1. Taking the Cβ of THR35 as the center, what net charge do the other residues with Cβ under 9 Å away carry, scoring Lys and Arg +1 and Asp and Glu -1?
2. How much length is gained on full extension from SER26 to ARG53, taking 0.36 nm per residue of separation minus their Cα-Cα distance?
Amino acid sequence: MASKMLYASHYFWTGLELRVLMPDPSRGPGFWFVTINRNRSDGLSGFTGMIVRRRVRREVQSGSLAALRSTKRLMEGGR
């Protein structure tokens, strides 16, 4: 599945995400869930950009981890 960022702000120009389920016969009936994100941004240079960039990186990491945990829970049949 691929998705393109529909909303952009003055910090983010565009984004593309690709999600793939890869079977792994060596581990039984399971599979690997692979997600790849690529984003282009602007306005994150200089002193202010350094502060904003740190926060953006932290928020993206925590948001990605939460999304992966939620996806895992849903795929395993939980709510």
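Read the figures in this text as sums done on the coordinates, not as results from a lab. A quick note: this is a predicted structure, and the numbers were derived from the prediction, not measured. Because the Cβ atoms are built from the backbone with ideal geometry, glycine has one as well, and the counts that use them run over all protein chains shown.
1. Numbers: positive: ARG19; negative: GLU17.
Combined, the nearby Lys, Arg, Asp and Glu give 0.
2. Values: separation 27, 0.36 × 27 = 9.72 nm, distance 4.01 nm.
That pair, SER26 and ARG53, stretches by 5.7 nm at full extension.
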